[in-house]
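Quick notes on the structure that follows.
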Amino acid sequence: MEYAEDDYLMISGIQHFKFCRRQWALIHVEQQWEENTHTVVGELMHKKVHDPYLTEKRKDTIIVRSLPVASRKLGISGECDLVEFHKCEDGIKLYKHRGLYSVYPIEYKKGKPKLMEEDKLQLVAQALCLEEMFSTQVLEGAIFYGETRRREVVKITEDLRQEVQKMFQEMHQYYDRKYTPKVKYSKACKACSLKEICLPRLGKSVSVKTYISQMLKEEEA
Ligand code: SF4
């Protein structure tokens with residue numbers, strides 16, 4: 001099966017979906033968004049990566065920034081922060097460049113290296129798009145962490161590929177049904193950028209009156 005472009009979902013949504021399915025639905029189905037320091041720092045860092053010069057050549061590597069990518073099979077689109085094309089014996093041909101190249105996506109993240117599952121899934125989704133676009137195999141990519149300025153290598157394993165495919169199928173189903181899962185309070189709620197919109201404690205069968213009085217007490221404290 002192939003998706004029409006109008007039905008494409010954002011690749012970056014897979015991070016929200018992994019973190020909390022309700023968070024993803026609030027952002028992508030209901031289009032709510034709460035800015036906090038996490039999202040602002042993240043955006044600034046992305047802006048730096050997305051500076052205007054797009055292609056650069058360093059020895060045997062061609063570097064492309066902000067490369068738009070998509071997959072018809074998965075029904076997704078987005079942008080790779082950076083893709084390196086490494087000269088190799090057995091790879092793809094690139095327009096206006098001699099030789100053959102392998103494809104190596106790199107995703108930028110603000111914090112310290114923690115190789116969170118969410119970050120890996122996003123990178124794997126990008127790798128699957130690149131495979132479809134260039135008819136090649138992407139075996140590896142990396143996540144670059146801003147705080148340490150180091151790359152952590154991620155293998156594009158069969159398990160990760162399957163997890164990504166399943167998650168996007170589920171996301172398409174939610175999106176088509178315009179479905180937002182109910183609140184399921186967890187540790188993640190404390191760090192959630194949408195907690196004020198989502199009202200996790202309200203979903204834990206606290207009455208509106210109790211919820212508001214709790215909020216007021218916290219503000220006074
Ligand atoms: S507050 Fe909790 S339940 Fe609500 S969207 Fe965030 S993580 Fe999900």
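At a glance:
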| read-out | value |
| --- | --- |
| Subset tally (residues that are over 28 Å from residue 77 (Cβ atoms) and more than 8 Å from the ligand (Cβ to nearest atom)) for the range 169-197 | 4 |
| Enumeration of residues in the range 151-182 that are outside any helix (DSSP H, G or I) and either of a type outside the set (A, V, I, L, M) or not assigned by TED's automatic domain parsing to the domain that holds residue 30 (or both) | 151, 152, 155, 157, 178, 179, 180, 181, 182 |
| Of the criteria (1) assigned to a helix (DSSP H, G or I); (2) over 15 Å from the mean Cα position of the chain (by Cα), which one residue 148 fails | (1) |
| Sole exception among (1) out of contact with any Gly (no Cβ under 8 Å at 6 or more places or on another chain); (2) within 16 Å of the ligand (Cβ to nearest atom); (3) closer than 30 Å to residue 112 by Cβ; (4) at pLDDT 85 or above for residue 140, by number | (2) |
| Residue match in the range 110-120 (condition: assigned to a strand (DSSP E or B) and over 21 Å from residue 66 (Cβ atoms)) | no |
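So that you can scan it fast, the table gives a plain yes or no per residue for (1) at pLDDT 90 or above; (2) of a type outside the set (D, E, K, R):
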site	(1), (2)
1	no, yes
8	yes, yes
12	yes, yes
43	no, no
48	no, no
62	yes, yes
70	yes, yes
84	yes, no
87	yes, no
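The values are calculated or read from the model by the stated rules, or taken from the named source; none is laboratory data. Quick caveat: nothing in here was measured; it's all calculated off a predicted structure. Here Cβ is always computed from backbone atoms with ideal geometry, including for glycine, and neighbour counts include all displayed protein chains.
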